[in-house]
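Before any comments, here is the structure.
The values are calculated or read from the model by the stated rules, or taken from the named source; none is laboratory data. None of the values given here were measured: they were computed from a predicted structure. With ideal geometry, Cβ positions are generated from the backbone for all residues, glycine too; neighbour counts draw on all protein chains shown. Only protein heavy atoms, including side chains, enter the accessible area calculation; ligands, DNA and RNA are left aside. Shrake-Rupley method; radii C 1.70, N 1.55, O 1.52, S 1.80 Å.
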Amino acid sequence: MALSVINALLDEKEWIERKAHRDRVKKYVRDFLKYKDRNSLVDLFSELWSTEAFKNKEWWVDNRILKNQDIKDVAKVIQNLINESIPLDERLNTMIKGLGKTAFTEILYCFYPNKYPIMSKRSLSSLRKLGYLKSIDKNIITGETYRKFIKACKSFLDDLSDLKKEIEEKVGFDLPNFDFTDRILDGLYKGEI
């Protein structure tokens, strides 16, 4: 496994782009929280990997998110989501209609990539196939289910710690823990690794 996996993961540009993605999401979150306007929300929504399937982002924001709730309520939920002083269960038990929990965990990951992984269909499927996780419904994310997912990701990361160190040496910089696991789990799901 080691050589082919390492070669697939040695693209320094990809790791730099993943960091740039996290930085853009954080910027768009901050802009949205500052301006609380539709355009800032569209910018944020457009940057999230978890919204790639939605072709017309503006329509989705207008007809699936803002049609169902006030923009100030959406901003409050996102502000609370990134506020580490609020218990995780409380942050994850709040919904934004039209925005899935994968997007919530992606935002958490962008702000805290060493603490929170992205809980997606891809990562859940890969962890199940590898035997790290039994079953979690990705559509029902509570603090408890997300903690189970984090624990599975940490076990996966522990088992690949030597590989992570080797890749970090080759690319010349440290990789956030859950950026590393997300990239590998995504690659496994897509059959790239």
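Points worth noting:
- Which listed residue, of GLY143, GLY191, is small (Gly, Ala, Ser), open to solvent by less than 80 Å² (accessible area, probe 1.4 Å) and more than 23 Å from HIS21 (Cα to Cα): GLY143
- Every listed requirement among (1) over 20 Å from THR102 (Cα atoms); (2) in contact with an Asp or Glu (Cβ under 7 Å, 6 or more places away or on another chain) is met by ASP159 save one, (2).
For every residue, the table says whether it meets (1) modelled with pLDDT of 95 or more; (2) open to solvent by less than 70 Å² (accessible area, probe 1.4 Å); (3) in a helix (DSSP H, G or I).
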residue	(1), (2), (3)
ILE78	yes, yes, yes
SER85	yes, no, no
GLU90	no, no, yes
GLU106	yes, yes, yes
PRO113	yes, yes, no
LYS134	no, no, no
LYS138	no, yes, no
ARG147	no, no, yes
LYS154	yes, no, yes
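- Residue check for LEU44: open to solvent by less than 40 Å² (accessible area, probe 1.4 Å), closer than 20 Å to GLY143 by Cα and of a type outside the set (Phe, Trp, Tyr): no
- Odd one out for LYS55 among (1) in a helix (DSSP H, G or I); (2) open to solvent by 20 Å² or more (accessible area, probe 1.4 Å); (3) basic (Lys, Arg): (1)
- If you check VAL5, VAL25 for being surrounded by 14 or more Cβ atoms within 10 Å (Cβ to Cβ), at pLDDT below 95 and aliphatic (A, V, I, L, M), only one passes: VAL5.
- Leading residue by the ranking (modelled with the lowest pLDDT) among those in region 92-104 that are among the small types (Gly, Ala, Ser) and open to solvent by 10 Å² or more (accessible area, probe 1.4 Å): GLY100
- Residue in region 65-72 that is within 15 Å of the chain's Cα centre (by Cα) and either in a loop (DSSP other than H, G, I, E, B) or crowded, with 20+ Cβ neighbours inside 10 Å (or both) present: no
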